[in-house]
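Single-structure report; data block below.
The values are calculated or read from the model by the stated rules, or taken from the named source; none is laboratory data. Here the structure is a predicted model, which means the values were calculated and not measured. Using ideal geometry, Cβ is built from the backbone for each residue, glycine included, and neighbour counts are taken over all protein chains shown. Each accessible area value is taken on the protein alone, full model and side chains, heavy atoms only, with ligands, DNA and RNA left out. Shrake-Rupley method; radii C 1.70, N 1.55, O 1.52, S 1.80 Å.
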Amino acid sequence: MSAPQDFNVDYLAQLARLALTPEEKAKFAAQLGDVLHHIEQLAKVDVTGVEPTAHAFPIENVWDADAPRAGLSVADALRNAPAQRENMISVPKVVE
């Protein structure tokens, strides 16, 4: 499909700061024309009675309930620490 006459590939390339060859201009104009044609086809679809939605599928909350629960014990948290001091993980100083 050819590009519609109401858009200017040179202007679009200038906005995008692209230096296009004449072959690229022809290729991208045809591709953009196809996209615009497809959008025109979508605009013709009767969506009467279709509720607007942000997602194609229902979204459910996958987070756990925000309820307090016991965490790791100090001994378990420090079990794999390479170094520890006063029930804390000891790391090398990284800021002078």
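Give me the net charge of Ala75's neighbourhood, meaning all other residues with Cβ under 15 Å from the Cβ of Ala75; Lys, Arg count +1, Asp, Glu -1. Before the final figure, lay out the partial values.
On the way: positive: Arg79, Arg85; negative: Asp76, Glu86.
In short, 0.
For the chain, with only Lys/Arg (+1) and Asp/Glu (-1) charged at the beta-carbon, what is the dipole magnitude about the Cα centre, in debye rounded to 20? List each step's numbers first, then the result.
Details: 8 positive and 14 negative charges, 101 e Å.
Approximately 480 debye in magnitude.
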Find the accessible area per residue for the chain; the probe is 1.4 Å, ligands and nucleic acids are left out, and the unit is Å². 97 Å²
Which trypsin sites (Lys or Arg not before Pro) from the range 17-88 combine a DSSP loop assignment with at most 13 other Cβ atoms within 10 Å? Arg17, Lys44, Arg69, Arg79
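Can you send over the carbon and sulfur percentage of the accessible area for the chain, probe radius 1.4 Å, protein chains only?
Numbers: 5370 of 9330 Å².
Reported share for carbon and sulfur atoms: 58 percent.
In percent, what relative contact order does the chain have, based on Cα pairs under 8 Å that are 6 or more apart in sequence? Spell out each step's value before the answer.
On the way: 33 pairs, mean separation 18.3, N = 96.
Normalised by residue count, the contact order of the chain is 19 percent.
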Under a point-charge model restricted to the Cβ atoms of Lys and Arg (+1) and Asp and Glu (-1), what is the dipole moment magnitude of the range 27-82 relative to its Cα centre, in debye to the nearest 20? 280 debye
